[in-house]
1. Taking the range B:68-97 only, how many residues are assigned to a helix (DSSP H, G or I) and touching a residue at least 12 places away in the same chain (Cβ under 8 Å)?
2. Considering B:Leu299, B:Leu303, B:Leu294, which residue is in contact with a His (Cβ under 7 Å, 6 or more places away or on another chain), modelled with pLDDT of 90 or more and not hydroxyl-bearing (Ser, Thr, Tyr)?
3. Just give me the residues in the range B:228-261 being of a type in the set (D, E, K, R) and surrounded by fewer than 19 Cβ atoms within 10 Å (Cβ to Cβ), in sequence order.
4. Which residue is nearest to B:Pro73 (Cα to Cα), if the candidates are limited to the range A:138-155 and must be at the interface with another protein chain (Cβ under 7 Å from one of its Cβ atoms) and among the hydroxyl-bearing types (Ser, Thr, Tyr)?
5. Looking at (1) within 7 Å of chain B (Cβ to nearest Cβ); (2) surrounded by 19 or more Cβ atoms within 10 Å (Cβ to Cβ); (3) not aliphatic (A, V, I, L, M), which is the one condition that is false for A:Gln288?
6. If you check A:Val49 against the conditions, is it modelled with pLDDT of 90 or more, hydrophobic (A, V, I, L, M, F, W, C) and in contact with a Pro (Cβ under 9 Å, 6 or more places away or on another chain)?
7. Given the options A:Val120, A:Val146, name the one that is buried (at least 21 other Cβ atoms within 10 Å of the Cβ) and closer than 30 Å to B:Cys305 by Cβ.
Amino acid sequence: MNKTSSSTNLSAISRDWSAEARKAKFQKRRRRILFGIANHSVLVAMSAVFLMPLFLIVVISLMDFQQASRRALWPHPFIWHNYLEVFQAVPFLHWTLNTLFVSVLTMIGTVVSSVPPAYVLSRLNWKGRQTSFIIILATMMLPGQVTMIPVYVIFSRLHWIPSFLPLIVPAFFSSAFSIFLLRQFFTTIPDEISDAARIDGCNEWQVMMRIVVPLAKPAISAVGLFAFLGAWNDFFGPLLYLVENKNLWTLGIGLTQFQGIHHVDKNMLMTASALFMLPVIIIFFFSQKVFIEGVTLTGVKG
Amino acid sequence: MMSIGSVLVSPRRKARARNNSKRLKARAKLRTPWLFISLCMSPWVLGFLFFTAYPMVASFYESFTRFDLINSPTWIGLGNFRRMFFHDSLFWTSIRNTFWISAISIPLRICFALFTAWILTKPKRGRTIYRTIFFIPAMVPTVAATMSFTYIFNPAVGPINKFLESFGIKNPPLWFMDPRWSKWALIILGLWGIGDTMIIYLAGFLDVPKSLYEAADLEGANAWQQFRYVTLPLMTPVIFFSAVTGIIGSFQYFTEAYVAAGQVLDYSHSMYFYATHIYNEAFANYQMGYASALAWILLVITLACTFIMLRTQRRWVHYPNGSLFK
């Protein structure tokens, strides 16, 4: 065989090959597009299912009672007035402020009292560190019911029931979950940074406040956020400690007593629920990243 | 307090210290900032003593007493436990309901969360939007969610049954109002708030090394085989973790059931769970001693379930580096 024939042979083969490859590529792309469409349609359908209850809540919240009891699917006309009336018919603003007060103080207490133990447990070497950490993990697993009754007895002996104190004060004694989350994050900060600060003459307090805390802002905001939302969404605590005094009711308690207030339309409950959910959803939109990292870091939601 | 001196120790001093064990101990004491450590740990230590250690001892003692909050506890030995097992039908109702809902909802939640997380790994674009949408319900305050669900699923005024009727279902279930369906309604409510479990699974899925899929591809594994023999084994630690926390959580399942039961007046006790029983005995009947006994049984059941789970994990949980903690 001479050179030319072999080269034509080769080019024919390569042409053939490239045609096949193009075909395969085309098929692959088509399959990928089809797969993408299928995938997205499943996702869109599931999104619709997840959003449906929220959508229905908003729709019902904008109806008057006649429309709601006819089970109308769309408000006609829109009763925007509901969102004002809910503040007049029930002490909704008062409940909101109570909830906010408890949540903000819980958040402050949790952050302030959880950062130092987490720092000591992750950044310093000392005898008993491991044991303390294991005890902290064990308390996370302990069902709250086991301690609930004696704690209630303590608070009632202190004449703290009904008041906000039983909800707020324990937050200032750090929470195991927050210590755990912060510790997980603190351990990822390299030791060299704090050692450098120590060589420069920082004491431990300064290392914690000036070096580690600023670096751990995402974790600290996650802890603050979880504490805030935990208190905002809490029902059991207020049920134990606040029910007896109407002036102290939070949104959760207020909402369950809603039906008992007779001059309020039933569907206004949806208006109140929507208002109760709204801050949480807004906060979530602005802090999604912090939030999801926090959940992933610990495997638990607040 | 750490000073420059403790970092820059001269070798001669070091040698001397090595010879003198007393001195070494003194230096170690100096190096560990015990004052700082104890100050930092004090909020947790005090909290542990006031809100965990003392209450545990106290409730253990109270579980053997009759105690109504006003009079001091009187010792009745095993009376509370005898009452629980032989004279309290609501105890058995609550146990039955709790086991029933755990047995159905824990596996269902795991499967559903796995599915939603798995499907979220697929799209190249828009994953954040879908993830946000799936996660929002998990954020919604439990009371608001439950109140809304009891309204939406209300057979008389709620839209859900209207949809079902318009799809030709003649007699749709009465949901929360029907003892046979109320638990299913609660399970649906729980599945709606699957977001947090889903996020953990999603992180697990995204952690699976790409090279493993490539290897499986070269071996000719199809999509199902890849999922079954690559993804799933690597996900077992996460699944195990959520199963354990799910079991622990299910015995403390309270708010949804309590709020829903209060809305529809659940006379048949179909939504009466173990935590509801403890709450009622303690704070409606002021039987603090009896409620403490119930709480300790709860702890025992929880520990037993966790222990059984830990025993089974050797058979199905794969830890990449062969250890329990990652």
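The values are calculated or read from the model by the stated rules, or taken from the named source; none is laboratory data. Every value quoted in this text rests on a predicted model; they were computed, and no experiment measured them. Glycine also receives a Cβ, built like all others from the backbone with ideal geometry; neighbour counts cover every protein chain displayed.
1. Going through the range B:68-97 one residue at a time, the tally reaches 11.
2. That would be B:Leu294, the only listed residue that is in contact with a His (Cβ under 7 Å, 6 or more places away or on another chain), modelled with pLDDT of 90 or more and not hydroxyl-bearing (Ser, Thr, Tyr).
3. B:Arg228
4. Top of the filtered list is A:Thr147.
5. Just one mismatch for A:Gln288, condition (2).
6. When the stated conditions are applied, A:Val49 does not pass them.
7. A:Val146
For every residue, the table says whether it meets (1) modelled with pLDDT of 90 or more; (2) more than 23 Å from B:Gln252 (Cβ to Cβ); (3) among the small types (Gly, Ala, Ser).
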{"site": "A:Phe173", "(1), (2), (3)": "yes, no, no"}
{"site": "A:Ser194", "(1), (2), (3)": "no, yes, yes"}
{"site": "A:Gly201", "(1), (2), (3)": "no, yes, yes"}
{"site": "A:Met209", "(1), (2), (3)": "yes, yes, no"}
{"site": "A:Gly230", "(1), (2), (3)": "yes, no, yes"}
{"site": "A:Pro238", "(1), (2), (3)": "yes, no, no"}
